[in-house]
Amino acid sequence: TEGPELLKLYRLCDCFLMSARELPGGDVETFGIVFLEANACGKPVVAGRSGGMVEAVLDGQTGLVVDPDDVGGIAAAVTTLLTDRAFADGLGRAGRSRVEQSLSWDVRVRQIRSELLSREG
């Protein structure tokens, strides 16, 4: 799913969950851009503590990071987001703000341009 359909799905959800974990042999989710996509739509997220997902999600700030093998912990995190709407909405707002202020392409381009120009001087 991509484009307008994906945006529609993010907007329909109350929270986004992907509790990916490292597989035997070392396969792991390297970053988890989907968490930033959900945050950009103002949604709180739940991520498994694995790979780069802990960099994509700021635990307790933009979402919740859980042990990906702890089904009870995952259920508790989702239950918290579905029952404490003020907390969930705050995580979603913080996630959106983080994406807009420091992770958008426009911001990254300005940062790279600034860095390159400072090296020229």
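The table that follows gives values for the structure above.
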item	result
Set L81, L6, L23, L12: member being touching a Pro at 6+ places or on another chain (Cβ under 8 Å) and either open to solvent by 70 Å² or more (accessible area, probe 1.4 Å) or not acidic (D, E) (or both)	L81
Test for G92: is it on the phi > 0 side of the Ramachandran plot and crowded, with 20+ Cβ neighbours inside 10 Å	no
Selection within segment 42-52 - open to solvent by 10 Å² or more (accessible area, probe 1.4 Å) and in contact with a Gly (Cβ under 8 Å, 6 or more places away or on another chain)	G42, K43, G51
Residue within segment 52-62 that is in contact (Cβ under 8 Å) with a residue 12 or more places away in the chain, on the phi < 0 side of the Ramachandran plot, in contact with a Pro (Cβ under 7 Å, 6 or more places away or on another chain) and of a type outside the set (D, E) present	no
Qualifying residue in segment 58-67 (condition: open to solvent by 40 Å² or more (accessible area, probe 1.4 Å) and either in contact with a Phe, Trp or Tyr (Cβ under 9 Å, 6 or more places away or on another chain) or among the aliphatic types (A, V, I, L, M) (or both))	yes
Enumeration of residues in segment 44-88 that are touching a Cys at 6+ places or on another chain (Cβ under 6 Å) and within 18 Å of S102 (Cα to Cα)	P44
Qualifying residue in segment 30-37 (condition: closer than 21 Å to Q101 by Cα, among the acidic types (D, E), open to solvent by less than 70 Å² (accessible area, probe 1.4 Å) and at pLDDT 85 or above)	yes
Candidates V109, V99, filtered to the one that is of a type outside the set (K, R) and surrounded by 12 or more Cβ atoms within 10 Å (Cβ to Cβ)	V99
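Residues are listed down the side, and each one gets a yes or a no for (1) touching a helix residue (DSSP H, G or I) at 6+ places or on another chain (Cβ under 6 Å); (2) among the small types (G, A, S); (3) over 19 Å from Y10 (Cα atoms):
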residue	(1), (2), (3)
K43	yes, no, no
L82	no, no, no
L91	no, no, no
A94	no, yes, no
S102	no, yes, yes
Q111	no, no, yes
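The values are calculated or read from the model by the stated rules, or taken from the named source; none is laboratory data. Given the structure is predicted, the values throughout are model-derived calculations rather than measurements. Cβ coordinates were reconstructed from backbone atoms using ideal geometry, including for glycine residues, and neighbour counts include every protein chain displayed. Surface areas here come from the heavy atoms of the whole protein model, side chains and all, with no ligands, DNA or RNA. Shrake-Rupley method; radii C 1.70, N 1.55, O 1.52, S 1.80 Å.
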